[in-house]
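The values are calculated or read from the model by the stated rules, or taken from the named source; none is laboratory data. These numbers were taken from a predicted model, which means no experiment stands behind them. Cβ placement follows ideal geometry from the backbone for every residue including glycine, while neighbour counts extend to all protein chains displayed. Accessible surface areas use protein heavy atoms only, side chains included; no ligands, DNA or RNA. Shrake-Rupley method; radii C 1.70, N 1.55, O 1.52, S 1.80 Å.
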Amino acid sequence: MKIYFAGKVSPVDGVQDWRNVWANILAEKTGLPIVNLDPTKADENLGEDLDLGNPDLIFGRDCYLIKESDAVIINLTDDVGVGASQEMIIAKYFGKPLIAVTKLNGRYWREERVVDGKSYKNWINPFVSIPCDLVVERIEDSVDFLMQIKSQKIKDISVIDSSTGYYQGRRT
């Protein structure tokens with residue numbers, strides 16, 4: 001199974017190579033060979049050069065890797081960057097399963113969120129809940145979904161039109 005791991009380039013929780021750690025955890029828990037489509041590493045077998053000064057190369061390569069993946073898993077740390085959020089939409093553009101791993105009671109998922117005196121239980125940021133097919137707290141919590149990925153209903157880019165239509169319907 002080919003998985004594109006989206007998220008921070010820099011270390012997460014003190015682990016520099018968190019993508020390989022997650023790939024190894026999933027391989028162990030699923031019993032499947034997991035291919036880590038790591039956007040931060042050049043494929044030496046192809047003689048790749050990740051020229052960070054070439055935006056077409058970097059953006060195009062990341063889009064290609066997402067297109068070739070069986071699933072995209074995003075590590076939603078509280079300080080995730082613009083690239084990771086774009087990778088989420090690109091995953092939906094290609095109709096890929098999208099799993100968010102984020103802390104409960106962090107920036108994107110809270111047991112309770114109070115805004116202007118109104119309380120929302122089990123609140124998930126709409127820019128996470130709408131495109132993602134699964135939101136979990138730990139990478140291990142995605143195993144069952146991945147094991148049954150072929151039978152899962154996967155959201156695609158139509159979530160944008162659907163949500164826009166929902167909003168417009170509420171306005172009339």
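Tell me, what is the per residue accessible area of the stretch 76-157 in Å², probe radius 1.4 Å?
Details: 4760 Å² over 82 residues.
Roughly 58 Å² per residue, with all protein chains present.
Holding the Cα-Cα limit at 30 Å, pick out from 67/103; 8/96; 8/67; 118/150; 29/96; 2/153 the pairs that are longer than that. All intermediate terms of the calculation are to be shown ahead of the outcome.
Numbers: 67/103 27 Å; 8/96 20 Å; 8/67 20 Å; 118/150 39 Å; 29/96 21 Å; 2/153 19 Å.
Cα-Cα > 30 Å for 118/150; rest within.
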Problem set entry | Helix-only mean residue ellipticity at 222 nm for the chain, each DSSP H run of n ≥ 4 adding -39500 (n - 2.57), per residue, nearest 500 | -10500 deg cm²/dmol
For this session: Just the number, please: Stokes-Einstein D of the stretch 1-80 in µm²/s, Kirkwood Rh from C-alpha pairs, 4 °C, 1.567 mPa s.
Result: 96
Exercise. Once the Cβ-Cβ distance between residue 56 and residue 157 is put in as r, and R0 is 35 Å, what FRET efficiency do you end up with, to the nearest 0.05?
Worked result: 0.95
Seminar exercise, completed: If each K or R counts +1 and each D or E counts -1, the residues other than residue 147 whose Cβ falls under 15 Å of its Cβ total -4
Exercise. So for the stretch 49-88, what percent of the C-alpha to C-alpha distances run longer than 16 Å?
Worked result: 43
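Let me check I've understood the local charge: for residue 97, count other residues with C-beta under 11 angstrom from its C-beta, Lys and Arg +1, Asp and Glu -1. What total comes out?
Numbers: positive: 92, 96, 150, 153, 155; negative: 70, 133, 156.
Surrounding charge for residue 97 is +2.
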Problem set entry | Charge sum, other residues only, whose C-beta stays under 11 Å from residue 130's C-beta, Lys/Arg counted +1 and Asp/Glu -1 | +1
